[in-house]
Amino acid sequence: MSTAFNRQLGSQSGVQLNPLRDMTDGYAPDNSDQVFGIVMRATRGRIDKPFRVNRGNFQKKLGRGESLRASALNEAHIHVYEALQKGAASAVVQRLTTSTAVLSAIIVTQPEAPATDLVFSVATAVPTDKPFLLSVKHLECYNDGVVIELHADAVMENGAPVANRLVTLRLRDKDRNTLYEFVGSLNPDALDDYQQSAYLPDVVERTTDNVEVLVGGGAQIAATSNAYGRDTNGRPKFAISPVMTYFTEGSIAYGVPDFARARDLLQKTEHDYAYIVSGGSHAPALLSALAQLAYDTNRQFAWDVPGTLSPEAAIAFIAQLNFDSHYCQAYWAPLKSDDPLGLNGKVVLGTSAYNVARRCLRNAQTDANGFAPKNYPIAGKNWPLDRTGIVQIHTPDDDLSDLADAKINPVIYVKYNGGGKYVFSDSLTCAKTAVSMKKLISVADMSSSIDDWVTRFAKEALQLPMEVSVKKTDAFLKKLFKDAKTAKWIVPSVEMDGEAFQYVVQPNALRPADRMDVSYSLKYDGTNRQTFVTQTLSR
Amino acid sequence: MASTLHLGASSLTGKSVNALVEEAFGTFEFPLALRLTNNTPRYLVFPDIRAELKPNLSAPDNQIDVTFKDHAQLTRFASDVDSLSELNQWAEAMALDALDDGQSDEVAAKAPAAGKGQKKAATEPKSPADTAADDAANTDKK
């Protein structure tokens with residue numbers, strides 16, 4: 001080698017090159033604040049952990065929507081579709097199920113002589129008393145089932161076709177769209193050209209964690225099988241199953257434990273998200289579970305007070321939930337509009353997911369320091385609700401003050417100079433306060449972003465020497481708050497002698513050996529919710 | 001009236017609301033007409049079943065007759081009551097009284113014919129099409 005150095009120099013003469021010392025690390029915004037989390041009923045999707053859905057794979061991942069006439073729980077499907085169209089980069093979905101949901105495996109067996117047509121069946125457990133070719137478990141739990149296709153090329157020995165263990169396995173949805181295709185061997189010792197295992201279960205595991213395949217002992221595709229070789233036109237012959245309904249959703253009588261389980265899974269997922277939406281759910285059990293999730297994860301929770309309720313009932317609905325948190329933000333949209341998916345006629349749909357989608361869209365545009373304009377709440381003239389065929393079914397007038405006192409943001413028709421629009425007419429959180437800045441959604445959004453950045457950095461500064469940790473954190477906070485001021489998130493405060501921020505980073509006075517204290521005060525810019533205009537007639 | 005179920009916070013009653021619903025109405029046929037009585041001092045709203053209940057201070061106006069279209073809807077409603085009761089620490093928030101025509105003939109024959117009978121059952125079972133067409137099909141407000 002022509003290197004001029006060693007990595008570890010002993011007693012000899014030479015040069016040791018030490019590892020690169022990086023002092024350039026810092027925070028950088030990712031796009032997690034363009035993603036929302038949701039707990040919902042769906043007809044497709046994993047039930048054991050949350051998964052991501054985007055505009056491109058929406059139908060593949062969540063299935064077709066179902067009518068609201070069948071169940072009001074189907075509203076969430078419309079919310080996710082609309083939010084992904086209107087600005088959210090993706091959604092992290094935890095599918096709601098009960099203990100009655102049953103996921104079975106699809107078993108492929110080859111009849112004994114003559115081994116002709118493969119047999120496909122569904123079983124909750126892999127057979128132990130009879131031979132089988134394959135067991136395929138599709139963890140994405142499609143209510144509408146999947147189709148399995150299996151093929152093995154012809155192998156000739158002494159001029160005659162013999163059984164083959166190298167197979168092509170395909171999973172398609174009921175409309176014959178390909179979901180997965182794997183090529184692997186039924187032989188556990190098989191290796192590919194790169195000396196990696198070519199055993200079908202290993203190939204599947206390397207490709208996706210949504211499918212589990214087991215191979216029966218001594219499994220091979222017989223030369224007489226309908227999955228073997230080519231047809232008279234030279235095309236590969238596939239044994240094709242009918243649509244296999246391998247998943248039973250079971251009851252949709254969700255109880256408190258079901259909501260609690262879904263909430264826990266959404267909290268522990270590795271997928272990041274900045275917002276939580278209710279999907280139009282009316283269930284206090286789910287709403288309170290998600291409110292708790294919002295607190296535990298420092299995320300904003302946008303939810304809907306049903307638009308079908310009168311103003312009086314809407315106030316009663318929110319009062320019974322007793323939320324007192326700036327993380328929770330309630331929208332009431334007494335509007336009928338066309339279903340964006342076209343499955344229903346004119347329906348009353350929640351608008352919280354729409355609002356969050358617009359927040360995601362807003363967050364995608366950042367300044368040079370990575371700050372999105374979160375000081376602009378998604379409310380008012382600039383953020384109209386652009387659904388089609390909107391008809392307002394309640395016209396709150398005298399109730400508007402009561403709605404604001406109840407911390408409900410009405411989504412209603414408002415007239416402006418340029419014409420009328422259906423808009424988010426207010427931007428209040430559910431914090432029960434008349435004065436505190438916690439009442440403003442923009443402040444909730446900005447303060448939770450700052451807390452997120454600071455706590456993430458603080459985690460990076462763990463397990464460093466105390467002096468280094470204090471120094472690094474101090475430098476980080478100084479830059480962060482200056483950038484926040486540049487972005488106009490924070491503004492000069494009289495209480496802080498004209499400064500927009502103050503902070504302290506120091507070892508803890510009581511336990512200076514292993515504990516560091518970080519505290520900061522920020523004066524966020526507010527939102528103009530009320531303007532008082534007076535004209536005086538002068539001579 | 002054939003059967004009464006009292007719902008409250010499961011942490012206070014020590015019983016799962018789902019088990020209580022199963023015990024009280026597990027043998028009943030759906031759609032099932034029930035009379036709900038709000039025993040709390042708060043105005044309660046359940047959009048899923050389109051029910052708005054005045055507080056117990058307004059008795060006897062704190063009742064409403066509702067038809068649950070299936071067992072799942074009743075279980076979800078019970079979970080909602082449980083959740084609200086937990087939030088507010090209510091041990092006995094809601095009473096559910098089965099209206100006579102809400103159960104199968106076999107069960108009706110065994111059930112004692114008790115109750116005030118102050119109100120006629122809200123609705124008769126409807127076809128899904130009728131239910132869909134009528135927004136307020138499953139409620140009869142007092």
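Quick notes on this structure:
- Those trypsin sites (Lys or Arg not before Pro) in region A:1-46 that DSSP places in a loop and that have at most 13 other beta carbons within 10 Å: A:Arg7, A:Arg21
- Counting Lys and Arg as +1 and Asp and Glu as -1 over every other residue whose Cβ lies under 10 Å from the Cβ of A:Arg359, the net charge comes to +1.
- Each label was represented as a point 7 Å from its Cα along the Cα-to-Cβ direction; for A:Asp30 and A:Val435 these points are 4.1 nm apart.
- log10 of Debye I(q)/I(0), alpha-carbon scatterers only, for chain A at 0.06, 0.08 Å⁻¹: -0.43, -0.70
- Within the shell of other residues whose beta carbon sits under 13 angstrom from the beta carbon of A:Asp192, the net charge comes to -2, with Lys and Arg scored +1 and Asp and Glu -1.
- Remark: region A:222-233, residue by residue, has Karplus-estimated 3J(HN,Hα) of 5, 5, 8, 6, 6, 9, 10, x, 10, 8, 5, 8 Hz, where x stands for each Gly or Pro and the curve is 6.51 cos²θ - 1.76 cosθ + 1.60 at θ = phi - 60°.
- Cysteines in chain A that, by Cβ-Cβ distance, have no pairing candidate under 4.7 Å: A:Cys141, A:Cys360
- Counted by neighbouring Cβ atoms within 10 Å, the residues A:Phe371, A:Phe457 run from fewest to most as A:Phe457, A:Phe371.
- A full extension of the chain between A:Arg515 and A:Leu341 corresponds to an added length of 57.3 nm, given 0.36 nm per residue minus the alpha carbon distance.
- About its Cα centre, chain A has a charge dipole of approximately 1140 debye under the convention of +1 per Lys or Arg Cβ and -1 per Asp or Glu Cβ, with nothing else charged.
- Loop-located trypsin sites (Lys or Arg not before Pro) in region A:417-508 whose Cβ has at most 15 other Cβ within 10 Å (DSSP): A:Lys488
- Radius 12 Å from Cβ of A:Ser251, net charge of other residues (Lys, Arg +1; Asp, Glu -1): -2
- Here the Karplus relation 6.51 cos²θ - 1.76 cosθ + 1.60, evaluated at θ = phi - 60°, turns the backbone of region A:144-151 into coupling constants of 8, x, 9, 10, 9, 10, 9, 8 Hz, with x for every Gly and Pro.
- Summarising the amide proton neighbourhood of B:Asn39: residues at separation of 5 or more, or on other chains, whose placed amide H is nearer than 5 Å comprise B:Met94, B:Ala95.
- Contour excess over end-to-end distance, with Cα ends at A:Asp192 and A:Gln530 and 0.36 nm allotted per residue: 114.7 nm
- Between amide H atoms placed 1.01 Å from N, distances below 5 Å from A:Met244 occur with A:Val146, A:Val147, A:Ile148, all of them 5 or more places distant or on a separate chain.
- Violating pairs (Cα-Cα greater than 23 angstrom) within the set A:Lys268/A:Lys478; A:Lys268/A:Lys471; A:Lys336/A:Lys432; A:Lys86/A:Lys421; A:Lys268/A:Lys407; A:Lys381/A:Lys482: A:Lys268/A:Lys478; A:Lys268/A:Lys471; A:Lys336/A:Lys432; A:Lys268/A:Lys407; A:Lys381/A:Lys482
- Once the C-beta distance of A:Lys471 and A:Lys60 is scaled by a Förster radius of 35 Å, the resulting FRET efficiency is 0.10 to the nearest 0.05.
- Ascending count of other beta-carbon atoms within 10 Å, so fewest first, for A:Ile252, A:Ile38: A:Ile252, A:Ile38
- Put a plus charge on the Cβ of each Lys and Arg, a minus charge on the Cβ of each Asp and Glu, and nothing anywhere else: the dipole of region A:195-320 about its Cα centre is then about 440 debye.
- The alpha carbon centroids of region A:348-403 and region B:27-67 are separated by 34 Å.
- Model label points for B:Ser58 and B:His6, set 7 angstrom from Cα along the Cα-to-Cβ axis, are 2.3 nm apart.
- Ranked for footprinting exposure by Cβ neighbours inside 10 Å, fewest first, A:Asp324, A:Asp339, A:Asp304, A:Asp399 give A:Asp324, A:Asp399, A:Asp339, A:Asp304.
- Look at the alpha carbon pairs under 8 Å that are at least 6 residues apart: their mean separation over the length of chain A gives a relative contact order of 13 percent.
- In chain A, excluding the sites themselves, the longest stretch lacking any of the GluC sites (Glu not before Pro) that are in a DSSP loop with at most 13 other Cβ atoms within 10 Å is A:271-494.
- Annotation: amide H of A:Ile276 within the under-5 Å range of A:Gly37, A:Gln300, A:Phe301, A:Ala302, sequence separation 5 or more or interchain, hydrogens built in the peptide plane.
- Rounded to the nearest 20, the size of the Cβ-charge dipole of region A:102-248 about its Cα centre is 340 debye, with Lys and Arg at +1 and Asp and Glu at -1.
- From phi via Karplus (6.51, -1.76, 1.60), per-residue ³J(HN,Hα) for region B:74-91 in Hz, x at Gly/Pro: 5, 5, 5, 4, 4, 5, 4, 5, 4, 5, 5, 5, 5, 4, 10, 6, 9, 7
- Positive end of the dipole of the protein assembly as shown (Cβ unit charges, origin at the Cα centre): among A:Ala330, A:Ile107, A:Gly345, the Cα lying farthest that way belongs to A:Ala330.
- For A:Lys482 and A:Ile393, the FRET efficiency from 1/(1 + (r/R0)^6), where r spans their Cβ atoms and R0 equals 41 Å, is about 0.25.
- The mean sequence distance of close C-alpha pairs (under 8 Å, at least 6 residues apart), as a share of the length of region A:276-321, puts its relative contact order at 41 percent.
- Ordering A:Thr536, A:Ala163, A:Leu480 by the projection of their Cα atoms onto the charge dipole of the protein assembly as shown, which places +1 on the Cβ of Lys and Arg and -1 on the Cβ of Asp and Glu, puts A:Thr536 at the extreme positive end.
Just so you know, all these numbers are worked out from the coordinates, no wet-lab data involved. From a predicted model like this one, the values you see are computed outputs, not experimental measurements. Note that each Cβ is placed from the backbone with ideal geometry, even for glycine, and that neighbours are counted across all protein chains shown.
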